[in-house]
Every structure is written in structure tokens, then in C-alpha cells.
1. Given region 193-261, what strands (runs of 3 or more DSSP E) lie entirely inside it while holding 2 or more residues that are under 22 Å from residue 63 (Cβ atoms) and at pLDDT 95 or above?
2. From 176, 125, 144, which residue is over 20 Å from residue 253 (Cα atoms), assigned to a helix (DSSP H, G or I) and among the polar types (S, T, N, Q)?
3. Looking at residue 85 and the list (1) surrounded by 19 or more Cβ atoms within 10 Å (Cβ to Cβ); (2) over 19 Å from the mean Cα position of the chain (by Cα); (3) among the charged types (D, E, K, R), which single condition is not satisfied?
4. Within region 66-116, how many residues turn out to be under 24 Å from residue 140 (Cα atoms), in a loop (DSSP other than H, G, I, E, B) and polar (S, T, N, Q)?
5. How many residues are aliphatic (A, V, I, L, M), outside any loop (DSSP other than H, G, I, E, B) and either under 20 Å from residue 117 (Cα atoms) or at pLDDT 95 or above (or both) if we restrict to region 1-60?
6. If you go through region 122-130 one residue at a time, do you hit one that is closer than 19 Å to residue 35 by Cα, aliphatic (A, V, I, L, M) and surrounded by fewer than 17 Cβ atoms within 10 Å (Cβ to Cβ)?
7. Identify the residue in region 200-253 that is within 20 Å of residue 295 (Cα to Cα) and among the polar types (S, T, N, Q) and, among all such residues, is farthest from the chain's Cα centre (by Cα).
Amino acid sequence: MLTIRTARPDELPALTAFADDGERNAATAAYLTSLLESGCTRPEWCLVAEHDGRVAGNVVLWTIPGRNVPTDIVLLEPGGPDTGRALLAYAAQQARELGAKVQGHVLDTPAQAPQFQRDPRLRETLLADAGFTVARDGRRFAWTAGDPMPAQDERLHWRSLADLGEEPFVELLADTFTDTADSIFQAEIAEHGLRGAAERNVADMLEMDHRPGWFEIGYDPADTPVALSMPARTVTSAVIGLVAVARAGRGRGYATAVVARGTHVLVEAGFGEIRGDCDAGNIGMAKAFQRAGYRNFANRKMFTRPL
């Protein structure tokens, strides 16, 4: 008989462990430990499927630290089709009872630390059957210490959030959203309008781990605001975060300048690995990462479902 329950304290942080797969077991347990310590999840959000007294799979709910409503699923180990379906149904029920209206999940290929999402076809099938749709087909990029440092663009001078306040960031981002190629932003604009989507994205970035001086607007020689750089830190790595170029600054390579700026800011803060994401359809942003010396190390599909 299959049952779904909250993980017991002695089952944390390992949850589902695989024989002869020590690398995966250690990395996933360390990841869950960091999620618990940061407040991205809670012990009561760590759910396991039990079959004949053995853990057969698990799912963990996630949110931005400081929030009380889980917005996403992480560390999904479906076991098999029946177990996976039961876990996803239970995860929806639990999140709904906690006040969530939508639920997201990301699937990275190829499988890698810390989630090791093997069997991508099974996972995609389970997600589709559970009501998830693809919100973004994305590309992931990485820069690591030892890679060449991207050159700073001397055409731009930068002013920080600490000096400017939030409003200029919202205004510049709303301007860039008028013709965004990113499917996630397009969906948000359709629901909330240009300014509403910009306000939500700036607010989300402000909730991420960062220092006020990291968030900057780049000004061209005429002192026109043309670029937005909002690097930050997640539980697992430093990230370029939000990149935007105003319509007045398009076609001048400023997206690459923003990636370079964010890289320098994060390296100066002591980070040796930096990651960034963009929509597969956002060719300009993908090229900006590559020109700044980043490599495409994985693809990421972002899924969402209403609850």
C-alpha cells in the first residue's frame, strides 16, 4: 500500500537514497540542508511516499525565504508513475491548503547536482498529467573562477539602488518589457500590465539575497539610463539575476555589458561560480552571456499549474 506523509526527522535530509549513488545522495542531502537552513523549505513541507515500509519517493515544497506560502516543487523523486502521480497530487493539496494559487517546478537537462533529475521523459509525462504546462523553455549559463573576466564597458557609468531608490528600476524595466522576448515576462505582462509586471519583478529581486550596492542602473555618455543589472545569490550559487536594456540603448551591446558588470560585482563579493538563465527564444540574451564568456551548461524547462 502506498501512503504519502511528512518526512520524519530521522529521514531528513536524505529522504530518498539510492544504492551505489553516493555522489547523488550526498549532494541532494546537502542541498536540502541548505534549503531548510535558509527558510526556502520547512520540515513539514518535506513529503515522502512510503510503500511497504520503505521510502519510495519524495517531493519538497519551496518558497522564497521569508514567505509562508510555498510556490514551487523541488527535489521531486517520483519513483515510478503511480508514486509520482500520488506525490504530485499530494503536493498540490498541501500547497493549496497553505494558500498557494499556482505551483511551479523546473526540470534541468542533463541531470546534475543538486537535484539529479534523471528520467526526464517520465518526469515530463507526470507533470503534464498533473496539469503542468511549460512556462519557459530556457537555457542556463555559467562562469567559474579561472575563466577570462569579461571586460567592463567603459561607455556606461553606474548608479546603485542605494542612491536611486526603486522607482527608476521599475520605470526602466517597464520600458524594456514593451518588446520582451522572454515568455515568462510576456505572461506576467498579459496578466499585470507593463508596470505591474515590472513592479513584481523588482519586488522579487529585492527579496533575493543581495547587497544594495549590487543593484545598479547603467547610464550612457549622455546620462540616459539604458541598462539594468540586478545580480544576487541563491542557496546554490551567485546569479546574474535580472538583466534589461532600455529601448533607447538597443543594438549597442549593452546586454553583454550588464552581464560583465554583474560578473565583476559578484566576483568582488567573493563568488567563484556565477550562473544565469534566459529564454530559449531570447537569442540576444543568449549571445550576451556567450560574449561575456559564459558557457551553456544545461537547459531548463519551467513548468507551472494552477491550484
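The values are calculated or read from the model by the stated rules, or taken from the named source; none is laboratory data. Fair warning: this is a prediction, and the values are worked out from it, not measured in the lab. Because the Cβ atoms are built from the backbone with ideal geometry, glycine has one as well, and the counts that use them run over all protein chains shown.
1. Values: elements: 216-219, 225-233, 238-245.
Result: 225-233, 238-245.
2. Values: 176 fails: over 20 Å from residue 253 (Cα atoms); 144 fails: assigned to a helix (DSSP H, G or I).
Just one listed residue meets the conditions, 125.
3. The failed condition is (1).
4. 3
5. Looking only at that region, the number is 15.
6. Narrowing region 122-130 to residues closer than 19 Å to residue 35 by Cα: none.
Within region 122-130, not a single residue is closer than 19 Å to residue 35 by Cα, aliphatic (A, V, I, L, M) and surrounded by fewer than 17 Cβ atoms within 10 Å (Cβ to Cβ).
7. Among them, the one singled out is 229.
Per-residue answers, yes or no, for (1) in the same structural domain as residue 80 (by TED's automatic domain parsing); (2) among the acidic types (Asp, Glu); (3) touching a Pro at 6+ places or on another chain (Cβ under 7 Å); (4) surrounded by 14 or more Cβ atoms within 10 Å (Cβ to Cβ):
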| residue | (1), (2), (3), (4) |
| --- | --- |
| 14 | yes, no, no, yes |
| 19 | yes, no, no, no |
| 23 | yes, yes, no, no |
| 29 | yes, no, yes, yes |
| 32 | yes, no, yes, yes |
| 50 | yes, yes, no, yes |
| 56 | yes, no, no, yes |
